[in-house]
Structure formats: structure tokens, C-alpha cells
1. Dipole of segment 169-284 (Lys/Arg Cβ +1, Asp/Glu Cβ -1, origin at the Cα centre): which of Phe179, Val194, Ala271 lies farthest to the positive side?
2. To the nearest 10 square angstrom, how much accessible area does Arg32 have with a 1.4 angstrom probe?
3. What is segment 229-287 by shape, rounded, prolate or oblate, if you read a ≥ b ≥ c off the alpha carbon gyration tensor as root eigenvalues and call it rounded for a/c under 1.5, prolate for a/b larger than b/c, and oblate otherwise?
4. What ranking of Met82, Met139 comes out by heavy-atom accessible area, probe 1.4 Å, highest first?
5. Using θ = phi - 60° and the Karplus form 6.51 cos²θ - 1.76 cosθ + 1.60, what ³J(HN,Hα) does each residue of segment 117-127 get, whole Hz, x for Gly and Pro?
6. Compute, for Arg127, the solvent-accessible surface of its heavy atoms (probe 1.4 Å) with the complete set of protein chains present, and express it in square angstrom to the nearest 10.
7. Please list Thr132, Thr64, Thr213 from largest to smallest accessible area, probe radius 1.4 Å, with all protein chains kept in place.
8. Using the Cα centre of segment 1-288 as the reference point, and only Cβ charges (+1 on K/R, -1 on D/E), how large is the resulting charge dipole? Debye, rounded to the nearest 20.
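The values are calculated or read from the model by the stated rules, or taken from the named source; none is laboratory data. Predicted model, so just to flag it, every value in this text is computed and none were measured. Note: ideal-geometry Cβ built from the backbone for every residue, glycine included; neighbour counts use all protein chains shown. For the accessible areas, the whole protein counts, side chains as well, though only heavy atoms, and no ligand, DNA or RNA atoms are used. Shrake-Rupley method; radii C 1.70, N 1.55, O 1.52, S 1.80 Å.
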Amino acid sequence: MFATFLIGLREGLEAALVVGILVAYLSRAGRRDALPRLWAGVALAVILSLGIGAILTFGAYSLTFEAQELIGGLLSLVAVAMVTWMIFWMQRTARTLKNDLESGVQRALVAGSVWALIAIGFVSVAREGIETTLLLWSMVQSFGNAPDALLGALLGLACAVVLGWAVARGMLRLNLRVFFTWTGAFLVIVAAGVLAYAIHDLQEAGALPGPFTAAAPLDAATGAVATGWAALPFGWAFDVSVAVPPGSPLAAILQATIGFMPRMTWLQVIAWVVYIAVVGLFFVRGAMGRPARATSAPAASTTSALGNEVPANGAGVPAAGASTTQQGAA
């Protein structure tokens, strides 16, 4: 529940800040009459995300076990790819995100296109919504307990909406750079766990060699699938089911946070370690590189998420693109 809460909070706050930027720009431009079109795009994005979640949840019941595992594994891989892309996309482009959004709205207003404004609202929220839906679905598939997972995600989204509204109204000072850095690190660990479970699904479906296929190495004494170094690469890496029973609260917490399962195959362990080592290294490098670049940004605001209040030098409205949102979401 805590893991899905953080995911809902992180992804929801990103979407809320993006919508806040768009609403603030339309308000400053005196075009509040265009807000219904923007909200229509946001509503369509929410409906699409909920629809994808419903299809994933209820659409696979008529399939065979192998087909369900294959689809689940592939969708988990898609979720890992989307989360990884979004983490580095935010690091790379968030400093120009506000300007890009405002430029898109300005072009839509000049062209007088209703659909262009709807598309901006739709795309801005849909990419966060689809990513969140896939990630939550993959996590629920891996450790079960859907009601708690859904409740945690809803609480996180509700908190994100409240925080985004408070930041946009200037009622809350929030260091978004620190927030997104720590939650981004958490997402790297969560994505590694989802990747490990995707490997497990694909092995159960027979798409990858493992303990469920003829490639599994057998223990000469017991005839069961081998465990430990002798089982490398297609057997069990470890089995601590006695100490950490599957389905127990401890097992659920470990699986939801770091992707640990009481019994994991070598391919799962290798995928988890390689993902953490490679993606974690690039994430840390990107996070450590941001402060140096941030110090060169002119008139950086310390509190406003929308770039229209509380300039650092106190001399009027800061230039567009110099807000905490851009630094924080970077």
C-alpha cells in the first residue's frame, strides 16, 4: 500500500503541476474561456487511463494460464520501459517543460483550434496516467492484494491533487527538486522489481528458459529443480520460503518495495542487479549534475511551481522557465 501510495503521489503530482502550468498560463493570458477545452482533454486522458486499467484487469480471464503470464510479462516490460523513459525524460527536459507547454498553448490559441487545446491537455495527463496504470497493474499482479494497492494509489493521487493545488496557489513551499529526486530513486528500485517479476512471468509462460521448462537443472539427490550456484543460469538462485513465507506481510512489503521474492530464479536476480547497476548509475549521474547547471539559471524562484510568483531577486515576475517546477521536476 505504501509503495502504491508513493507512486500515485509522485505521478499524480507531476500531472497536477503540468495542468497547473497550463491553467496559470491561460489565466495570465486572459483566456479563461479556453479552460473548458483544456479540462476536456484532461478528462479524456483520465478516462483512457481508467479504461486501460479495466481492460487489463478484466480482459484476461478467458485466456489460458500461459497466455496470461505471457501478456502479463510483456506488459510489465512495457511498464518498466515507460517508467525508465519518463525518469530520464524528466531529468533531461523538465527545465524547459514550462516554456514548451506555454508555447504549445500559445500556438493553439493563435490558431483558434479547439482540438489543439484538447490535445495538449490530453497528452500532458495521458502519459502520466498510462504509465501509472501499467506500473500499478504490474505491481498488483506481482504481490496481489489489489484492494490495498488500489487504496494506496488513490490516496497518493488525492494527496497529489491537494499538493499541486496548494503549490499552484502559492500556499505551500515545496522543494520539488528534492521531492522528485528521491521519488525518482524509489521508482528505479520499483521498476527493477517489476522487471524481475516480468522475467518470472515469461519463464512461467515458457517464453524464457527457467525452472518451469526442460532447461531447468535438476538436483541429483532429490530430482527437484536445483537451487544455488549449481542452478546457474536457469534454476533457482535462492529459496528462503521457510524464513519468509510467500503471502506473509513481510513478503508483501519486500516485494512491493524492492521486488524481493522468497524464491527467485537466476534470470530474475541477474535482471534486477543489472537494471539497478545501469539505470541507477545514470540516474545518480543525472541527479548529481543538476545542481551545477541549476546555479547558472537566471532568476530562479525558490517556491513557485508556476513561475509567476516569488522571484529569487524579488524584482517582479521572473522570466518564464525559471521556476522551481523546472528545477524540481528535472
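1. So the residue furthest toward the plus end is Phe179.
2. 140 Å²
3. Verdict is oblate for segment 229-287.
4. Numbers: Met82 55, Met139 5 Å².
Largest accessible area first, the list is Met82, Met139.
5. Computed from phi, the couplings for segment 117-127 are 5, 4, 5, 5, x, 5, 5, 4, 9, 5, 5 Hz.
6. About 60 Å², rounded to the nearest 10.
7. Numbers: Thr132 15, Thr64 85, Thr213 40 Å².
Final ranking, largest accessible area leading: Thr64, Thr213, Thr132.
8. Values: 15 positive and 14 negative charges, 300 e Å.
Computed about the Cα centre, the dipole is about 1440 debye.
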